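The values are calculated or read from the model by the stated rules, or taken from the named source; none is laboratory data. Everything numeric here is computed off the predicted structure, so don't read it as measured data. Here the Cβ is made from the backbone with ideal geometry for all residues, glycine too, and neighbour counts use every protein chain on show.
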Amino acid sequence: MLKFTIRRILWTIPVILLVILMTFVMMRMIKGNPFRTTERAVPEAIQRNLERKFHLDQPAYKQYLFYVKGVFTLDLGPSLVLRSQTVNDIIKQHFPVSIHLGVMALLFAIVLGIPLGILAALKQNSPLDYASMGIANLGFSIPSFLVATLLIYFFAVKWKDVTGLPTNGWGGPETWVLPVIALGIYPMTYFARLVRGSMLETLQQDYVRTAKAKGLRWRVVVGKHVLRNSLIPAVTATGPLLGYLITGSFIIEYIFGIPGIGKYYVTAVTGRDYSVVMGITVLLSVIIIVANLVVDIVYVYLDPRTRDERT
Amino acid sequence: METDQRDHAIEATHRRRAQFEDALTRTAEVRGTEAGAALGRASLWKDAYYRFIANKASVIAAFAFLILLAYVIFVPIFSNEDPYAVDFSEAYIPPSWEHPFGTDQFGRDLFVRTALGGRVSFAIGFAATIAIMVIGITYGATSGFLGGRVDNALMRFLDALYGLPYLPFAILTLAIFGTVNFWTMVVALTIASWFTAARVVRGQIISLKENDYVRAAYALGVPRRRILSRHLLVNTLGVIIVFVFLELPGVILGEAFLSFIGLGISPPKASWGTLAQEGYVEYQVHPYIIVIPSLMIAWLILSAFFIADGLRDALDPRMKET
Amino acid sequence: MALLEVSDLRTYFKTREGEVHAVDGVSLMVEEGKVLGIVGESGCGKSVTALSIMGLVQNPGRIVSGSVRFDGRELTELKERELEDVRGPGIGMIFQDPMTSLNPTLTVGTQLTETLRRHLGMSSSQAKKRAIELLEEVHIPDAARRLSDYPHRFSGGMRQRVMVAIAISCNPKLVIADEPTTALDVTVQAGVLDLLDELRRVHGTTMMIISHNMGVIAETADEVLVMYAGQVVEQAPAIELFDQPEHPYTEALLASLPHLEGRDVRNGRLVSIPGRPPDLLVPPEACRFAPRCTYAGTDDCTVVAPELREIRPGHWVRSQHPRSERAAAAVGAV
């Protein structure tokens, strides 16, 4: 298993390099020059100086290599547009907010979704089952921008006097409630349905019948035999869900006016701020790749059958 | 049982066997049945169709889907309202008998506009889904079928693509094109989502490859390309069809997200996402403008999902068998 | 008094098309220290009978009527918690497919010790010691080390031995083995059967062995029950059943055993019984074997359902044309 872990980790390096390359290529394909699109036209000579400073006058492959070196030394370069800040600064300022939002949404989804799925499976076809699956289906199909909008409409506007939750910005805990719910509803329903399906399937397995035939208490059968095996798919699902959380956070940040990196990403793209775009994209990619790596490793740990297979 | 007693019993059995063989043959002639006779031809698709029909949720979902399609296609044809007419005196009328979905800030009837928006959303959705399937199937089938190092290399590349988050990827693609119109949107969505299809197809092909009937085909000397088309792809069709119904709403939702943050198709051609974005601006005063197109999307997602569920059960009966 | 006494057991399954009468009036008895063999083709209800005895029939199936008396207690009236106490120390069960009957994510040791700790109140170290003893008893080499292995590291035959170990771990009075050898290679089958035989000899364990394989039953059973379409069609001591079968179905089963010696081996065909078992959704109001029976003539075989009757002491048949009466009829007709 250790060998598998090491191999898996090593594989992420070429993957990251490839990702940087692709982002780099795509970024370069965007027509336009950061220095010419700013409102105040920059004089030619200064432009050339800036280009030299940011290596933009070098051939493409050299720029790529400079950049890769930068990534691995954790120096993502300066912002091309907001010239007083480096990309690292921007990221440091705004990224933690996005992470905070994402992690809380994920926790919300897990804490609410998984128990809901478990209960629904154990009481299959009961009113509880139908009700929770009904809610799950609603939450899963309604686009998050509508959920967010409705949440704001009801909690912050119509019932303002009762709950008085703020709808803008990011500060104390009361500002977290609505955005986290809005972002977390979809993953919650995803988990609920996934866990329910997985548990129903596990409950049909022969080894559950054996456990019952051994005379173990039902509580023990469920807790020890069923749950462990049912939750494995939920673990593997967190990988792709991370992608959703990132995507979704763009929207949620936009709606709730949260100063995360989502907002800066779009402005940077339209403003041709190469380094910010690259920096954020690479950062997000690394997070996704690392998250998938962790999920893969945890999965092997959880399911002993995979340990002895040759990868 | 003791050994000699057992042997004795088996001897007796052999004796009786000869007698019984005759008796059985006579019976078979008389009754005209033969053990294991075929039950009559059944086709995979007919079976699947019946199984699908039997699933209430799927049938309801299929109807819902068709109703949505009908709304989107027919309402603009039969409506008298001009969706582009600007008439400020009619602005912001909430849903009423005359305007079932109300009107927007320019006085345009939203019942028709939403239907037109649906056309755009569906068009983008279908185009992107088809493109995704074509690319995904080609890539996935090639990778899965060829196996070995080719498969490894192709999959590593895919892993890298998975590392690029969906929205940024789509945004970058749109930025490369410069403008956002129907085709650039389709391309952007396709590029950001084809890898899941490739992986699913590859997975299916790989698991099918191990089946004995494929090995038998090889042993009989069937050319490789024929094995791929005749045996593997046909059995992958089921998975593909299910996947289409899962991917379509995903793509439309993706387009809606992009439109919502301002990267949608430029007016006057509006998709549901664009309509939602327009409605978002005034949701506090006129909430219905954003609610309606969003609910359309929700309707689509729900119906497509249950259809996919029903299709999956219909086409892969093994899962339900006890 | 028999250790296990089942009377007129009926277990039905609710399906969309109606109720399937999987077990339709089965009665049997197992004396202490004896081995009862239940034989029949797939779908005849033998497994469901075993599950019904253990109370393991799940939705959509349920025991509709009948009684299951084990060790003096009526199992059908027990609450789930009480049944949980009977399973393990009272009755142990071995299932058909060892590949899927063990939890793949728990070690074999855990799956053994959990029963020991639950029913016998052992501490962790006591349970571990006993588990090793059990594994050795079922002849698993290197038992101490194997305790911490996962099921997938065992071969099929060894997994089944582990199942046997689990079944006997709490010293049950009765062991039910449902198709214990069906999923195993022929060579491995013998080993498992030997093990079961050893259990009987050494511990005097009462057993119920279910199989569709006549050979397995012949080798292990003292008394044999033949089931067809949810009913018992013949019951007799093993020797007598194989030597003098009465029911046409039993005869057919025995005749269909392929043989490798004797004349006509090269030219003969494999004998099979034409037709299929009846649909248990709507069981026929007649002899259920009639459509496939060689001897069901123009009698009321297709109209009247025969009862189980004692044709000789200890030998029961459910047929209007048992072998001994056929011979007599033939003679009489002359």
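Filter segment B:146-168 down to the residues that are more than 12 Å from B:Ala198 (Cα to Cα) and more than 8 Å from every other protein chain (Cβ to nearest Cβ) and list them by number.
Listed by number, the residues that qualify are B:Leu146, B:Gly147, B:Gly148, B:Arg149, B:Val150, B:Asn152, B:Ala153.
Which condition from (1) over 30 Å from B:Phe257 (Cβ atoms); (2) in contact with an Asp or Glu (Cβ under 6 Å, 6 or more places away or on another chain) is the one that A:Trp218 breaks?
Against the list (1) over 30 Å from B:Phe257 (Cβ atoms); (2) in contact with an Asp or Glu (Cβ under 6 Å, 6 or more places away or on another chain), A:Trp218 comes up short only on (2).
Restricting attention to helices (runs of 4 or more DSSP H) lying wholly within segment B:1-105, give those where 2 or more residues are surrounded by 15 or more Cβ atoms within 10 Å (Cβ to Cβ) and modelled with pLDDT of 80 or more.
B:56-78
Residue by residue through segment C:208-225, note down the ones that are within 14 Å of chain B (Cβ to nearest Cβ) and not in a loop (DSSP other than H, G, I, E, B).
Once the filter is applied, which keeps residues that are within 14 Å of chain B (Cβ to nearest Cβ) and not in a loop (DSSP other than H, G, I, E, B), segment C:208-225 yields C:Ile209, C:Met214, C:Gly215, C:Val216, C:Ile217, C:Ala218, C:Glu219, C:Thr220, C:Glu223, C:Val224.
Kindly indicate whether B:Trp299 is within 13 Å of another protein chain (Cβ to nearest Cβ), over 13 Å from the mean Cα position of the chain (by Cα), surrounded by fewer than 24 Cβ atoms within 10 Å (Cβ to Cβ) and at pLDDT 85 or above.
So B:Trp299 fits the description; yes.
Select from segment A:171-229 the residues that are among the small types (Gly, Ala, Ser), crowded, with 23+ Cβ neighbours inside 10 Å and within 18 Å of A:Met133 (Cα to Cα) and write down the one among them that is nearest to the other protein chains (Cβ to nearest Cβ).
The selected residue is A:Ala192.
Taking into account only those residues within segment A:263-281 that are more than 8 Å from chain B (Cβ to nearest Cβ) and under 18 Å from the mean Cα position of the chain (by Cα), which is surrounded by the fewest Cβ atoms within 10 Å (Cβ to Cβ)?
A:Lys263
Please give the helices (runs of 4 or more DSSP H) falling wholly within segment C:111-199 in which 2 or more residues are within 14 Å of chain A (Cβ to nearest Cβ) and at pLDDT 90 or above.
Filter on segment C:111-199 gives C:124-137, C:156-168.
Conditions: (1) more than 27 Å from C:His212 (Cβ to Cβ); (2) surrounded by fewer than 22 Cβ atoms within 10 Å (Cβ to Cβ); (3) within 13 Å of chain A (Cβ to nearest Cβ). C:Val108 meets all but one. Number of the miss?
That leaves (2) as the condition not met.
Report yes if C:Val232 is over 15 Å from C:Tyr295 (Cβ atoms), at pLDDT 85 or above and either crowded, with 18+ Cβ neighbours inside 10 Å or more than 9 Å from chain B (Cβ to nearest Cβ) (or both), otherwise no.
It is true that C:Val232 is over 15 Å from C:Tyr295 (Cβ atoms), at pLDDT 85 or above and either crowded, with 18+ Cβ neighbours inside 10 Å or more than 9 Å from chain B (Cβ to nearest Cβ) (or both).
Of all residues in segment C:44-65 being more than 14 Å from chain A (Cβ to nearest Cβ) and buried (at least 18 other Cβ atoms within 10 Å of the Cβ), which is farthest from the chain's Cα centre (by Cα)?
The extreme case among them is C:Ile63.
Which of the following residues is in contact with a helix residue (DSSP H, G or I) (Cβ under 9 Å, 6 or more places away or on another chain) and within 8 Å of another protein chain (Cβ to nearest Cβ): A:Ile297, A:Ile258, A:Ile252, A:Ile288?
Step by step, each of A:Ile297, A:Ile258, A:Ile252, A:Ile288 is checked, and only A:Ile288 is in contact with a helix residue (DSSP H, G or I) (Cβ under 9 Å, 6 or more places away or on another chain) and within 8 Å of another protein chain (Cβ to nearest Cβ).
Looking only at segment B:259-291, which residues are more than 10 Å from chain A (Cβ to nearest Cβ) and within 12 Å of B:Arg113 (Cβ to Cβ)?
B:Pro267, B:Pro268, B:Lys269, B:Ala270, B:Ser271, B:Thr274, B:Leu275, B:Glu278, B:Ile289
Cβ-Cβ distance below 9 Å, separation of 6 or more or different chains: which pairs start in segment C:76-93 with a residue that is within 7 Å of another protein chain (Cβ to nearest Cβ) and end on one that is outside any loop (DSSP other than H, G, I, E, B) and of a type in the set (S, T, N, Q)?
Going by the 9 Å Cβ cut-off, the qualifying pairs are C:Gly88/C:Thr115; C:Met93/A:Thr210.
Out of (1) at pLDDT 85 or above; (2) over 25 Å from B:Gly250 (Cβ atoms); (3) in contact with a helix residue (DSSP H, G or I) (Cβ under 6 Å, 6 or more places away or on another chain), the odd one out for A:Val87 is which?
Condition not satisfied by A:Val87: (1).
Can you name the condition, by its number, that C:Val162 falls short on among (1) at negative phi; (2) touching a Pro at 6+ places or on another chain (Cβ under 9 Å); (3) surrounded by fewer than 19 Cβ atoms within 10 Å (Cβ to Cβ); (4) of a type outside the set (Ser, Thr, Tyr)?
Unmet for C:Val162, out of (1) at negative phi; (2) touching a Pro at 6+ places or on another chain (Cβ under 9 Å); (3) surrounded by fewer than 19 Cβ atoms within 10 Å (Cβ to Cβ); (4) of a type outside the set (Ser, Thr, Tyr): (3).
Which residue, of C:Glu41, C:Glu31, C:Glu17, is within 21 Å of C:Gly92 (Cα to Cα), surrounded by fewer than 17 Cβ atoms within 10 Å (Cβ to Cβ) and charged (D, E, K, R)?
Testing whether each residue is within 21 Å of C:Gly92 (Cα to Cα), surrounded by fewer than 17 Cβ atoms within 10 Å (Cβ to Cβ) and charged (D, E, K, R) leaves just C:Glu31.
What's the total number of residues in segment B:192-208 that are surrounded by fewer than 21 Cβ atoms within 10 Å (Cβ to Cβ) and either in contact (Cβ under 8 Å) with a residue 12 or more places away in the chain or in contact with a Ser or Thr (Cβ under 8 Å, 6 or more places away or on another chain) (or both)?
6
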